[in-house]
Structures are given as structure tokens and as C-alpha cells.
Amino acid sequence: MGVTKEQVESKLTSEMKPSHLEVIDTSGGCGASFVIEIVSEQFEGKRLLERHRFVNDVLKEEMKEIHALSIKKALTPGQWKQQQEPEKSHPAA
């Protein structure tokens, strides 16, 4: 049995206390492939590679069963806020 989306969300939430977390199971339900978007204060002062390693380390046990993990975004709350503001100031026509 593979890893569930809920297991990944629970582990990341308990370890990283994200202000935004989106986990998408791209494996069709078998738990072998996930896409993650995460915003956490714990990323402050870390380069992108360090952030990805941090996420992978938190999911170390789950990674034994996950074949593909794509970290789409690993941002600090400040970076997340900056990315959200342009979307709000330019509404779609």
C-alpha cells in the first residue's frame, strides 16, 4: 500500500507548521507520486535546495514508498505574500 495524500499533509503540517500547504496525488490514487506547494517560516534564510532537502528529510519514511515528489513551491510567508499580491491587484478581465 502506498502513501496517502493525508499522510503527507499530516507529516508536513506537524513538522513544518506551514501557513499554506497543497498536496496533490498525481499517481491516480496509488500514493507513488505527489506535487507539493508549501509555505513555511522554517524556510527563512534557506536556499531553494536546502528547502527541498528539508521537505525530503521530513518525509524520509514516506519517501521509501514515494517514487516521484515534485516540490512546485517552497516559499517563506513573505515570498508567498509577494506572489499573491500581483494576482489580487490585476484581476482577470
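The values are calculated or read from the model by the stated rules, or taken from the named source; none is laboratory data. In this text, all values refer to a predicted model and were calculated from it rather than measured experimentally. Here the Cβ is made from the backbone with ideal geometry for all residues, glycine too, and neighbour counts use every protein chain on show. Side chains included, ligands, DNA and RNA excluded: accessible areas come from the protein's heavy atoms. Shrake-Rupley method; radii C 1.70, N 1.55, O 1.52, S 1.80 Å.
Observations, loosely collected:
- The helix-only estimate of mean residue ellipticity at 222 nm for the chain, built from DSSP H runs of length n ≥ 4 each weighted as -39500 (n - 2.57), is -12000 deg cm²/dmol after division by the residue total.
- Protection proxy ranking of 61-71, 28-38, by the mean of other Cβ atoms within 10 Å over each peptide's residues and highest first, is 28-38, 61-71.
- Rounded accessible area per residue of the chain, 1.4 Å, Å²: 63 Å²
- On Cα atoms only, tilt of 5-16 relative to the major axis of the chain in degrees: 60 degrees
- Two-site label geometry, Thr13 and Lys60: point separation in nm, points 7 Å out along Cα→Cβ: 2.4 nm
- Compared with the dominant Cα axis of the chain, that is its longest principal axis, helix 77-89 is turned about 60°.
- Whole-Hz Karplus values for the range 24-33 come out as 10, 7, 9, 9, x, x, 8, x, 9, 8 Hz, taken residue by residue from phi with 6.51 cos²θ - 1.76 cosθ + 1.60 and θ = phi - 60°; glycine and proline positions read x.
- Once backbone amide H atoms are built at 1.01 Å from N, His20 has Val39 as its partners under 5 Å, excluding neighbours fewer than 5 places away on the same chain.
- Percent antiparallel among DSSP beta bridges (both partners in the range 3-93, rounded to 5): 45 percent
- In the chain, the portion of solvent-accessible area held by carbon and sulfur atoms comes to 51 percent [1.4 Å probe, whole percent, DNA, RNA and ligands not counted].
- Principal semi-axes in Å for the range 1-81 [√(5λ), Cα gyration tensor, largest first]: 21, 12, 11
- Rounded to the nearest 10 degrees, the inclination of helix 48-58 to the longest alpha-carbon principal axis of the chain is 40 degrees.
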